[in-house]
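The values are calculated or read from the model by the stated rules, or taken from the named source; none is laboratory data. What you see is a predicted model; the values in this text were computed from it and never measured. With ideal geometry, Cβ positions are generated from the backbone for all residues, glycine too; neighbour counts draw on all protein chains shown.
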Amino acid sequence: MQQDRHILAEKRGALGLLTLNRPQALNALTPDMVAGIQEFLDEWAADPQIRAVAIRGAGDRAFCAGGDIRLVQQSVLAGDGVGARFLADEYRLNARIGAFPKPYVALIHGFVMGGGAGVSVHGSLRLADPEMSFAMPETGIGFIPDIGASHFLTRSPGRLGLYLGMTGARIGAADAQAAALVDAIVARTDFPALLDRLAEGEAPDAAADAFACKLPAGELAPHRRRVDTVFAASSVEAILERLDRDGSVFARETAQTLRSRSPTSLKLVFRQLQAAQGLSLRQCLAMEYRLAMRVIEGHDFREGVRAALVDKDRNPHWQPQSLAAVPEQVIEAAFAPLQHELFGD
């Protein structure tokens, strides 16, 4: 077994196994972890003995709670460019996972958020423990769903992806499967036996089928029609109007959540997921990099991270404070090409 800081990597027969090994931080990704995953993927892609790669998280609480977003905020404040390079490397890794030439199996348990989705959802086989908890909570910190989220959220049925991207709602395994974010439910207690089968060279789909189980419908299931109707509106303001007219408990809670998010982030996400329709993962990541480079320099990102992760007062003061005050030219400008694009092509 090799260790690269917080990445454990080992070859088990026909399997290359990666373990995110930072459980005290819910396996949140650091620049070194991103580089380590990339290094082993490159090595195993060229290794004829390796027939599949699997990734899992250490500890009981999380597969991966995201990227080190506080590092990005501190880097912006310092003006050292470290945060921007971290995001670029992370997005390139997401593209690598999506195009990996061998089966890439994600074994997901506990929390999976943000960057954790980036190193799992783009895999060829996503297996979730029944207790998994998924979220893309970026609008709550003045950011945008990145790591290729605009690719997988636009491929969720109906308007589930827009709902998840705008609200940052936390969902369980059954709802994640309904949203096409995971392929099958496999109890974490069965992960070791499944890994043994992969190490023996068994096809990942066949190995997963041996342990897959079914769950009752998730908490979102009764609200699917409402979500599809409300989030089909033509603007963020119109979505809120429909929620206010609906008047159900779900609609009231959803409206309250949206009104607590960064107005600028909400406008960006709405446009982002419209623009992502029909784009490849690589194209979505390139777009998200443009957005991220503009957003991390703005007030709401710094303020959102402060409120959530630094002072932890959970009371961000967004600027502007209302949807109506968000300049349309700011939204348009965020999507403009960069001098140095993510993939340089």
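Restricting the stretch 94-133 to residues that are of a type in the set (Ser, Thr, Tyr) and assigned to a loop (DSSP other than H, G, I, E, B), which is farthest from Ala187 (Cα to Cα)? Don't jump to the end; show me each part of the working.
Going through the stretch 94-133, the residues of a type in the set (Ser, Thr, Tyr) turn out to be 104, 120, 124, 133.
Then drop every residue that is not assigned to a loop (DSSP other than H, G, I, E, B), which leaves 120, 124.
On the way: Ser120: 17, Ser124: 19 Å.
Filtering the stretch 94-133 for residues that are of a type in the set (Ser, Thr, Tyr) and assigned to a loop (DSSP other than H, G, I, E, B), the one farthest from Ala187 (Cα to Cα) comes out as Ser124.
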Problem - Residues of the stretch 323-345 classified as small (Gly, Ala, Ser), modelled with pLDDT of 95 or more and either out of contact with any helix residue (DSSP H, G or I) (no Cβ under 6 Å at 6 or more places or on another chain) or more than 16 Å from Ser265 (Cα to Cα) (or both), total - result: 4
Problem - Selection status of Phe250, more than 21 Å from the chain's Cα centre (by Cα) and in contact (Cβ under 8 Å) with a residue 24 or more places away in the chain - result: yes
Practice task
Give the number of residues within the stretch 4-17 that are modelled with pLDDT of 95 or more and either within 19 Å of Asp205 (Cα to Cα) or among the charged types (D, E, K, R) (or both).
Solution key: 8
Practice task
Quick one: in the stretch 74-113, of everything that is at pLDDT below 95 and touching a Gly at 6+ places or on another chain (Cβ under 7 Å), which residue is nearest to Arg22 (Cα to Cα)?
Solution key: Ser75
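Based on what the data block shows, is Glu332 of a type in the set (Asp, Glu), without any contact (Cβ under 8 Å) to a residue 40 or more places away in the chain and part of a helix (DSSP H, G or I)? It would help to see each step written out before you state the result.
On the way: of a type in the set (Asp, Glu): yes; without any contact (Cβ under 8 Å) to a residue 40 or more places away in the chain: yes; part of a helix (DSSP H, G or I): yes.
Against the criterion (of a type in the set (Asp, Glu), without any contact (Cβ under 8 Å) to a residue 40 or more places away in the chain and part of a helix (DSSP H, G or I)), Glu332 qualifies.
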Completion exercise
In the stretch 131-176, anything surrounded by fewer than 24 Cβ atoms within 10 Å (Cβ to Cβ) and hydroxyl-bearing (Ser, Thr, Tyr) is listed as Ser133, Thr154, Ser156
Practice task
Return a yes/no flag: does the stretch 182-199 have any residue that is at positive phi and either part of a loop (DSSP other than H, G, I, E, B) or buried (at least 24 other Cβ atoms within 10 Å of the Cβ) (or both).
Solution key: no
Handout entry: All positions within the stretch 36-73 that are at pLDDT below 95 and assigned to a helix (DSSP H, G or I)
Key = Ile69, Arg70, Leu71, Val72, Gln73
Practice task
Check the stretch 19-32 and report whether any residue there is within 26 Å of Arg294 (Cα to Cα), surrounded by fewer than 16 Cβ atoms within 10 Å (Cβ to Cβ) and within 21 Å of the chain's Cα centre (by Cα).
Solution key: yes
Problem - Odd one out for Phe250 among (1) part of a helix (DSSP H, G or I); (2) out of contact with any Pro (no Cβ under 7 Å at 6 or more places or on another chain); (3) within 21 Å of Thr154 (Cβ to Cβ) - result: (3)
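Let me confirm something: among Val305, Val326, Val269, which residue is surrounded by 15 or more Cβ atoms within 10 Å (Cβ to Cβ) and part of a loop (DSSP other than H, G, I, E, B)?
Result: Val326 is the single residue among Val305, Val326, Val269 that is surrounded by 15 or more Cβ atoms within 10 Å (Cβ to Cβ) and part of a loop (DSSP other than H, G, I, E, B).
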Practice task
Can you work out which of the residues in the stretch 272-289 that are more than 17 Å from the chain's Cα centre (by Cα) and part of a helix (DSSP H, G or I) is surrounded by the fewest Cβ atoms within 10 Å (Cβ to Cβ)?
Solution key: Gln274
Problem - Residue count for the stretch 109-125, restricted to those that are among the aliphatic types (A, V, I, L, M), under 24 Å from Ala206 (Cα atoms) and buried (at least 23 other Cβ atoms within 10 Å of the Cβ) - result: 3
Exercise for the section: Output the number of residues of the stretch 33-67 satisfying the condition of being under 20 Å from the mean Cα position of the chain (by Cα), surrounded by 19 or more Cβ atoms within 10 Å (Cβ to Cβ) and farther than 15 Å from Ile7 by Cβ. Expected result: 3
Practice task
Find all pairs meeting these conditions: Cβ atoms under 8 angstrom apart; at least six residues apart or on different chains; first residue within the stretch 264-289 and closer than 12 Å to Ala334 by Cα and of a type in the set (Lys, Arg); second residue at pLDDT below 95 and in a helix (DSSP H, G or I).
Solution key: none
Problem - Test: residue in the stretch 37-57 that is without any contact (Cβ under 8 Å) to a residue 60 or more places away in the chain, more than 18 Å from Ala199 (Cβ to Cβ) and touching a Gly at 6+ places or on another chain (Cβ under 8 Å) - result: yes
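Report yes if some residue within the stretch 76-88 is touching a strand residue (DSSP E or B) at 6+ places or on another chain (Cβ under 8 Å), aliphatic (A, V, I, L, M) and surrounded by fewer than 18 Cβ atoms within 10 Å (Cβ to Cβ); otherwise report no.
First, the residues of the stretch 76-88 that are touching a strand residue (DSSP E or B) at 6+ places or on another chain (Cβ under 8 Å): 86-87.
Remaining after also requiring aliphatic (A, V, I, L, M): 87.
Going one step further and asking which of them are surrounded by fewer than 18 Cβ atoms within 10 Å (Cβ to Cβ), we end up with none.
Checked the stretch 76-88: no residue is touching a strand residue (DSSP E or B) at 6+ places or on another chain (Cβ under 8 Å), aliphatic (A, V, I, L, M) and surrounded by fewer than 18 Cβ atoms within 10 Å (Cβ to Cβ).
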